[in-house]
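Data first, discussion second: the structure below is written as structure tokens.
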Amino acid sequence: MPPSRKGASAKRKSTKERKPKRKSCSMCAEKLTALDYKDTLRLRRFITERGKIVPRRISGNCAKHQRWLTDAVKRARVIALLPFTAE
Ligand SMILES: [Zn+2]
């Protein structure tokens with residue numbers, strides 16, 4: 001019988017004080033009035049290498065602009081400007 005590895009999962013870093021740095025929404029900063037789904041250069045900044053949309057907690061987008069972003073990315077995918085997945 002192999003030795004049990006009980007301790008592995010119990011290990012946890014104690015981060016007592018974690019200050020979440022307030023990321024500012026880049027689209028708010030630019031005062032965008034609309035997000036163009038054909039603007040793949042901008043959209044690509046918000047998708048991962050695998051083609052996934054970067055979550056808000058990482059990208060720092062505000063809720064409104066994250067919604068814009070998901071709509072734009074999904075639209076761009078349909079007309080093959082962005083990948084659904086990376087191969
Ligand atoms: Zn915003």
_Global form of the range 42-87, assessed from the alpha-carbon gyration tensor, a/c cut-off 1.5_ = oblate
*Summed residue charge, Cβ within 10 Å of Met27's Cβ, Lys/Arg positive, Asp/Glu negative*: +2
_If each residue of separation counts as 0.36 nm, what is the full-extension length gain between Lys52 and Lys64 once their alpha-carbon separation is subtracted?_
2.5 nm
_Can you compute the modelled spin-label distance between Lys38 and Lys23, with each label point 7 Å from Cα toward Cβ, in nm?_
2.9 nm
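We did not get these values from a lab; they are worked out from the coordinates using the rules stated. A quick note: this is a predicted structure, and the numbers were derived from the prediction, not measured. No Cβ is skipped: glycine too gets one built from the backbone with ideal geometry, and neighbour counts run over all protein chains shown.
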